[in-house]
Structure formats: structure tokens, C-alpha cells
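What follows is one structure encoded as C-alpha cells, with my remarks underneath.
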Amino acid sequence: MRNKISIIGAGFVGATAAHWCAVKELGDVVLVDIVDGMPQGKALDLLEAGPIEGYDLHIVGTNNYADTAGSDIIVITAGLPRQPGMTREDLVGVNAKIVRDVIESVMLHSPNAIMILVTNPLDTMLYLAKKVTGWPRERVIGQAGVLDSARMRAFMAMELDVSVENTHAFVMGGHGDEMVPLARYSTVAGIPITQLLPPDRVEAIIDRTRKGGGEIVSLLKKGSAFFAPSAATMQMVEAILKDRKMILPCSVYLEGEYGLNDICFGVPVKLGRSGVEQIIEVDLTDDERSAMERSAALVRSSMAALTI
Ligand SMILES: NC(=O)c1ccc[n+]([C@@H]2O[C@H](COP(=O)([O-])OP(=O)(O)OC[C@H]3O[C@@H](n4cnc5c(N)ncnc54)[C@H](O)[C@@H]3O)[C@@H](O)[C@H]2O)c1
């Protein structure tokens, strides 16, 4: 039996996620969108790449949630991306309605799935998903930190002219411009970057990481990043389906961890076959804790616009 992965929203992030899913042979893919014919066309196109790439998977596109029945994983990318000049938080009204509709449909057909949210504003949409599903927090997870850490790793590797494989980055907090990249815990070959670079270069990496999404939005001029966001999402899917026990920064519903309650927020977690298997708490300095509080305040201000 192959795993079944349903991806809701067959736009840039969703379709590219389906592509990574196929090349990594993570399981059969169901691509869902409200636009008639578009998910069917993209799924057929991806299926037809199978003979070249050598994957034997069922890949279908649909507008009907019945086709998602019995999914192991549901990835939600449906919703508007931001445009130049917009913050992620500006999307809350329009995307809350879309995400609620999607969740109410998928949960009927796959009550035991693990749900991964991608739609922005990420932590707020995850909070909505947690409340609407009523599922345990272990099975409702948000993708943001894997992407933000990958961006930081890319910038570290460029700065030090080393392999990306030597890098490890630690980005916590909400998926907004107040995210919390922790230089002290970000390393190259195990050495903290604070020992490898002068403070101004470390600060430049942190600043570029925080603004990483906006940098791409302003270059594209229409829509937002999708290669790295979808790759990050599929790393989470892979960690879960292969029960890898990988420690990755993900958004989860907090119940007192890091002094935060009733909020979805990015923290390091262990991902395995049952979803979030552990939330890891690390020591923070006073400055780092203040940065977490500023980030939480931004998430809470966007949550205030939700009606649940
Ligand atoms: N969490 C992250 O790190 C991260 C990174 C990048 C993008 N995003 C977010 O992901 C979302 C998708 O981005 P994108 O670039 O793929 O946008 P996109 O516009 O290319 O795709 C969104 C798709 O959602 C579909 N859709 C809209 N309403 C729907 C509904 N009710 N049911 C099913 N499908 C519906 C649209 O038809 C469209 O195809 C955006 O909210 C974006 O901000 C998050």
C-alpha cells in the first residue's frame, strides 16, 4: 500500500509540492483546486513525466474532495499569496474563509490524516485549522520554519563559501517579519556562526532571513516564493511518512511551552509517523526571549482578525 498525499490548492506552491512528492516517490498524489480542469491538467502532466523520471505513482487532479478520502497527509496551500507591498498578515480575511471551507471538506473524508498548513498568514491559519478540526495538536502542523531556516542556511553558505550541507540554522517564532533567527544555535560544521563571522555580517544574514519572503515577492512582482516553500513542506511530509524522527522547526499549537499558551508558533519539534512527537525547548537569553515575545505579539494581532 502506498501512502496517499492530498494537496489542496494546485497553484504555484501546491503543484510544485506535487512535483517534489513524485520525484521523491513519497506516495500517490491527489491535487485539488476550485478551478475546473487546472488540477486535472497539472496532475496529468506530472503523471506523464513518470516514464522519464521513473516513478510509478497514481497522480490525479480533481475538484471533488471525495477523491481525497483516506489520505495519510493533507497539505493545504489553497489561498491567495501576497503581492508587493503586502504583509502576510494582510491576507488573513480572505484566506481564513478559504482555509475554513477547505478544512471542513477534507476532515470529513480523512479524519485520521496529518494536516500540514502552508497558507499565509501561516500561524493564524494553523490556529484556525486547530480550532475548526478539533484534532490533537500532534496532527495539525504548520510549515514555515523549515523554509525560513533553509533561507538562512543558503545565506550562511554563500557568506562563508561552504557547502549548504555543512550548515544548520535555527529559526523560531511566527512566520512574519518578526521571526526569530537564533545565531547562537546556527552553525557551520557544528561551529556557531557567531564564532565564524563578525557581528555585522551575522546581523546581515539575520535581516535577510527575516525579509527573505519579501525579497522574492518584490523580485517576482506577482505572487510569492514556491520552490523552497514546497520543498520545505515535502521535507516535513517525508519526515512523517518515513517516521524519521527529524527535528525541524514547525508551527504548532502551544500549551505553555516557551511561556506561550493558545497560539500557534514556530518551535523545534520531532516529526515522526504520528506527527509532532515532541516539542523541544531550548534555553533562551533575555534578548532572545524578548524577540519571541515581539513575534508572538505580531501573530496575536493577526489572530485577532479571526472569527472562529
Ligand atoms: N508557509 C509558507 O512558508 C508559505 C510560503 C509560500 C507561500 N505560502 C502561502 O501559500 C499560499 C499559496 O501560494 P501560491 O503561490 O501557491 O498561490 P497560488 O495563487 O499560485 O495558488 C493558490 C491556489 O489556491 C486555489 N484556491 C483558492 N481557493 C480555493 C478553495 N476554496 N479550494 C481549493 N483551492 C483554492 C487557487 O485556485 C490557486 O490555484 C498563499 O497563501 C501563500 O502566501 C506560504
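The ellipsoid that matches the Cα gyration tensor of segment 87-160 has semi-axes, each √(5λ) in whole angstrom, of 28, 16, 8, with the longest given first.
Under a model in which nothing but the beta-carbon of Lys, Arg (+1) and Asp, Glu (-1) is charged, the chain shows a dipole of about 260 debye around its Cα centre.
Among the listed pairs K222/K270; K42/K270; K222/K245; K4/K245; K221/K270, those with a Cα-Cα distance over 29 Å are K222/K270; K42/K270; K222/K245; K221/K270. Considering only G85, G50, G275, the Gaussian network model of the chain with Cα springs below 10 Å gives its largest mean-square fluctuation to G85.
The mean accessible area for residues of the chain, using a 1.4 Å probe and ignoring ligands and nucleic acids, is 43 Å² per residue. Using the Cβ-Cβ distance between A69 and D101 with R0 set to 22 Å, the FRET efficiency works out to roughly 0.80. With viscosity 1.306 mPa s and temperature 10 °C, the Kirkwood radius over alpha carbon pairs of the chain converts through Stokes-Einstein to a diffusion coefficient of 82 µm²/s.
Both radii come from the Cα set of segment 1-111: Rg as radius of gyration, Rh as Kirkwood radius; their ratio Rg/Rh reads 0.99. When +1 charges are put on Lys and Arg Cβ atoms and -1 charges on Asp and Glu Cβ atoms, the dipole computed for segment 145-220 relative to its Cα centre reaches about 100 debye.
Protein heavy-atom surface of the chain, 1.4 angstrom probe: 54% of the accessible area is carbon and sulfur, with nucleic acids and ligands not counted. Using Cβ point charges alone (K and R +1, D and E -1), the dipole size of segment 200-244 about the Cα centre works out to roughly 180 debye.
Here segment 206-308 was treated as a single set of alpha-carbon atoms; its pair distances binned every 5 Å from 0 give 2, 10, 15, 19, 19, 20, 11, 3 percent. Taking each residue as 0.36 nm, the span from N261 to K221 lengthens on full extension beyond its C-alpha to C-alpha distance by 10.7 nm.
The values are calculated or read from the model by the stated rules, or taken from the named source; none is laboratory data. Keep in mind that what you see is a predicted model, and the values were worked out from it rather than measured. No Cβ is skipped: glycine too gets one built from the backbone with ideal geometry, and neighbour counts run over all protein chains shown. When the accessible area is computed, the model is the full protein with side chains, heavy atoms only, and any ligands, DNA or RNA have been set aside. Shrake-Rupley method; radii C 1.70, N 1.55, O 1.52, S 1.80 Å.
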